[in-house]
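A.B. asks: Structure below; questions to follow.
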Amino acid sequence: MLIGGGLSAAAAQTILAQNPPMAHLPPMPAAPPQLDLEHLAPFVDPLPIPPIAKPIGTRLNPARKTEVPFYKIPIQEFFSKIHRDVQPTRFWGYGNSMPGPTIEARSGEPIFVEWLNQLPPKHFLPIDHNLMGAEKGKPESRTVVHVHGGRVPPASDGWPESWYGPGKSATSQYPNEQEAALLWYHDHAMGINRLNVCAGMAGLYVIRDSFEDSLNLPKGEFEIPLVLMDRMLRADGQIYYPVTVLPDAPWIPEYAGDAVLINGKLLPYLNVQPRKYRFRVANASNGRFYFLSLENGAVMQQIGTDQGLLPAPVNVNLLSIAPGERADIVVDFREHRGQQILLRNLATTLMQFRVATEAADDPSSLPMELRPVPKMTESSATVTRKLTLEEVDDLLSEPMVHLLDGKRWHEPVSEKPVLGSTEIWEFLNLTDDTHPIHLHLVRFQILDRRPIDVLSYIHKKQLIYIGDAVSPEPSEAGWKDTVRATPGASTRIIVKFEGYTGRYVWHCHILEHEDNEMMRPYEIVPPVTKSQTHRAV
Ligand code: C2O
Ligand code: CU
Ligand code: CU
């Protein structure tokens with residue numbers, strides 16, 4: 001049995017008592033027959049583009065006494081064709097598409113969204129009532145929406161315990177006081193988040209600004225979102241979520257399916273012209289990391305990351321993207337007239353681009369300089385926190401629970417940055433897996449990654465670096481909100497806590513981990529001197 005560092009023997013005993021070692025066994029081997037992907041005709045469906053959400057009117061923004069766009073988005077059950085030859089798949093999602101309608105916002109222009117829970121009462125994926133927040137007796141189809149990457153007041157951020165059941169709704173205000181970036185919204189209900197997102201609760205939220213407009217990047221029909229979501233599918237095309245052999249403890253440590261949906265379709269194609277396209281890629285999968293590449297020597301130039309544009313385009317042959325992360329890519333098909341180019345995830349084909357033979361005009365540009373990203377200096381940080389990422393295993397070495405700094409969700413808030421201050425958070429990953437760590441509200445920069453002696457840390461609490469510090473890849477050297485914390489290493493980020501005071505969360509974006517204690521609250525507190533706490537919207 002492996003007990004992560006930072007965990008006292010007593011704490012380990014408590015955890016074991018609450019999660020008996022036999023509680024979580026490997027997934028049940030007898031999975032129902034799965035959809036036969038090998039014999040599914042590829043590239044018969046055009047890549048769908050999620051619809052753009054439309055405001056139903058305006059609403060008074062009391063902070064500024066102005067009218068702002070007001071959206072109403074239902075959360076409901078619907079059936080959608082994921083492939084020509086597969087019968088419609090049941091989803092729980094936003095509007096009636098998966099991904100949901102894309103919200104288009106402009107920097108500095110607030111909007112309100114009322115999210116209406118119109119779900120049926122019974123969940124169609126297996127709830128584990130042993131998980132914190134998923135106890136019996138709560139409405140099974142509860143939900144709360146979070147805009148990932150949004151600088152949003154705490155009451156509108158989608159606090160995991162602020163869920164509501166069917167027939168109820170919640171209105172959130174989104175100030176959009178941030179730079180152009182691709183954000184995404186998804187469910188955040190405590191203890192069933194992995195099931196709700198797997199059921200289809202995800203959509204895009206784009207923020208634009210005049211700086212980005214001035215770059216003249218490909219836009220309109222030449223700007224294409226690519227939302228990646230993998231699923232296990234039954235032979236009848238319905239979503240399958242595996243369980244353990246114990247009916248009362250179905251939680252599994254990670255979900256991954258062979259069927260990768262792009263904008264809700266399996267193996268779609270996209271007709272393109274021989275010119276530049278901008279692809280906005282979001283990994284909305286529960287736990288899958290992608291390593292994307294194009295065939296025929298087509299080059300991907302990464303121009304942005306989670307929180308907006310990079311300082312300059314970066315050539316990427318293999319684009320790594322972890323759950324929760326986004327990548328902004330430009331591909332120029334000019335040299336590929338008449339070709340068919342596959343987008344792959346390692347050896348697996350995901351979709352096909354069909355490049356037209358006729359030459360095309362291309363008035364768009366790809367400037368060599370994009371948006372300056374001023375480097376944050378370590379000396380600007382007033383606090384450094386060392387925070388462990390840990391895994392507690394059962395007797396069969398199966399992960400039973402994952403913890404942040406050895407603490408569970410309900411323990412008192414331990415991270416309380418002061419509004420306006422800068423901190424360094426050093427994640428010490430004592431596990432064998434990469435965990436994509438996400439902080440709500442803020443954007444940050446990655447300082448470095450450095451291998452550590454895990455056993456010294458676990459047994460003696462001694463932090464010994466056993467290699468050199470490595471700077472982030474050029475493709476992640478921009479503003480981030482999710483960082484891959486690699487195994488057996490320290491990963492340091494530098495964060496300025498701007499925006500609002502109040503409670504937010506930070507967590508691993510592998511949703512099975514997040515749902516099982518790998519999420520913690522943090523609280524931004526007002527400075528001790530004259531307090532100017534909430535900024536007006
Ligand atoms: Cu993608 Cu807590 O968020
Ligand atoms: Cu988030
Ligand atoms: Cu994790």
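A.B. asks: Just to be sure I understand the filter: pairs with C-beta atoms under 8 Å, separated by 6 or more residues or on different chains, first member in region 495-521 and under 14 Å from Trp425 (Cβ atoms) and near ligand 3 (Cβ under 9 Å from one of its atoms), second member not aliphatic (A, V, I, L, M) and not in a strand (DSSP E or B). Which pairs pass?
C.D. replies: Final answer for the pair search is His507/His513; His507/Glu514; Cys508/Glu514.
A.B. asks: For region 439-461, what are the residues that are in contact with a Leu (Cβ under 7 Å, 6 or more places away or on another chain) and part of a strand (DSSP E or B)?
C.D. replies: Ile452
A.B. asks: Then there's this: What pairs come out if I take residues in region 136-157 that are within 16 Å of ligand 3 (Cβ to nearest atom) and pair them with residues that are open to solvent by 10 Å² or more (accessible area, probe 1.4 Å) and modelled with pLDDT under 95 whose C-beta lies under 7 Å away, six or more apart or interchain?
C.D. replies: Once the first residue is within 16 Å of ligand 3 (Cβ to nearest atom) and sits in region 136-157, no partner that is open to solvent by 10 Å² or more (accessible area, probe 1.4 Å) and modelled with pLDDT under 95 comes close enough.
A.B. asks: Quick check on this structure: which one of Leu428, Leu439 is under 23 Å from the mean Cα position of the chain (by Cα), within 26 Å of Gly467 (Cα to Cα) and of a type in the set (A, V, I, L, M, F, W, C)? It would help to see each step written out before you state the result.
C.D. replies: Values: Leu439 fails: within 26 Å of Gly467 (Cα to Cα).
Exactly one residue qualifies, and that residue is Leu428.
A.B. asks: Could you check, for region 462-480, whether at least one of its residues is under 22 Å from the mean Cα position of the chain (by Cα) and part of a strand (DSSP E or B)?
C.D. replies: yes
A.B. asks: Now for a separate question. What's the total number of residues in region 376-405 that are at pLDDT 95 or above, touching a strand residue (DSSP E or B) at 6+ places or on another chain (Cβ under 6 Å) and in a loop (DSSP other than H, G, I, E, B)?
C.D. replies: Residues that pass the stated criteria total 3.
A.B. asks: I've got another one for you. Here are some residues: Gly108, Gly133, Gly93, Gly150. Which one is in a loop (DSSP other than H, G, I, E, B), more than 27 Å from Glu212 (Cβ to Cβ) and among the small types (Gly, Ala, Ser)?
C.D. replies: Gly133
A.B. asks: Applying the selection to region 518-528, what residues are away from ligand 2 (no atom under 13 Å from the Cβ) and crowded, with 23+ Cβ neighbours inside 10 Å? Write out each step before concluding.
C.D. replies: To start, the set of residues in region 518-528 that are away from ligand 2 (no atom under 13 Å from the Cβ) comprises 518, 520-521, 523-528.
Selection gives Met518, Ile524.
A.B. asks: Which residues, counting only those in region 140-163, are within 18 Å of Gly200 (Cβ to Cβ) and not basic (Lys, Arg)?
C.D. replies: Glu140, Ser141, Thr143, Val144, Val145, His146, Val147, His148, Gly158, Trp163 - these are the residues of region 140-163 that are within 18 Å of Gly200 (Cβ to Cβ) and not basic (Lys, Arg).
A.B. asks: Being more than 16 Å from ligand 2 (Cβ to nearest atom) and under 17 Å from His513 (Cα atoms) is the filter here; which residues of region 394-408 pass it?
C.D. replies: Of everything in region 394-408, those that are more than 16 Å from ligand 2 (Cβ to nearest atom) and under 17 Å from His513 (Cα atoms) turn out to be Asp394, Ser397, Glu398, Pro399, Met400, Val401, His402, Leu403, Asp405, Gly406, Lys407, Arg408.
A.B. asks: I want to confirm something. Restricting to region 434-457 and keeping residues that are touching a His at 6+ places or on another chain (Cβ under 9 Å) and not aliphatic (A, V, I, L, M), which single residue is farthest from ligand 1 (Cβ to nearest atom)?
C.D. replies: His435
A.B. asks: Shifting gears a bit: Run Glu423 past the list (1) away from ligand 2 (no atom under 16 Å from the Cβ); (2) open to solvent by less than 10 Å² (accessible area, probe 1.4 Å); (3) outside any strand (DSSP E or B); (4) not small (Gly, Ala, Ser) and report the number of the one that doesn't hold.
C.D. replies: The single condition Glu423 does not satisfy is (3).
A.B. asks: Only one of (1) within 30 Å of Glu38 (Cβ to Cβ); (2) open to solvent by less than 10 Å² (accessible area, probe 1.4 Å); (3) of a type in the set (Val, Ile, Thr) fails for Val245. Which number is that?
C.D. replies: (2)
A.B. asks: Restricting to region 456-489, give me the number of residues that are open to solvent by 50 Å² or more (accessible area, probe 1.4 Å) and among the β-branched types (Val, Ile, Thr).
C.D. replies: Of the residues in region 456-489, 3 are open to solvent by 50 Å² or more (accessible area, probe 1.4 Å) and among the β-branched types (Val, Ile, Thr).
A.B. asks: Then there's this: Can you tell me which residues in region 164-185 are crowded, with 22+ Cβ neighbours inside 10 Å and either within 16 Å of ligand 2 (Cβ to nearest atom) or closer than 26 Å to Lys81 by Cβ (or both)?
C.D. replies: Across region 164-185, the qualifying residues are Ser172, Tyr174, Pro175, Asn176, Gln178, Ala181, Leu182, Leu183, Trp184, Tyr185.
A.B. asks: Can you tell me which residue in region 319-378 is surrounded by the most Cβ atoms within 10 Å (Cβ to Cβ), limited to those that are under 20 Å from Arg208 (Cα atoms) and acidic (Asp, Glu)?
C.D. replies: Top of the filtered list is Asp328.
A.B. asks: A further question on this structure: Pairs, please: C-beta under 9 Å, at least 6 apart or cross-chain, first residue among the hydroxyl-bearing types (Ser, Thr, Tyr) and in region 465-493, second within 16 Å of ligand 1 (Cβ to nearest atom) and open to solvent by 40 Å² or more (accessible area, probe 1.4 Å)?
C.D. replies: Short answer, once both residue conditions are applied: Thr491/Arg484.
The values are calculated or read from the model by the stated rules, or taken from the named source; none is laboratory data. Not measured: the values here are computed from a predicted model. Methodologically, a virtual Cβ is constructed for each residue, glycine included, from the backbone with ideal geometry; neighbour enumeration extends over all protein chains shown. Note: areas computed on protein heavy atoms with side chains; ligands, DNA, RNA excluded. Shrake-Rupley method; radii C 1.70, N 1.55, O 1.52, S 1.80 Å.
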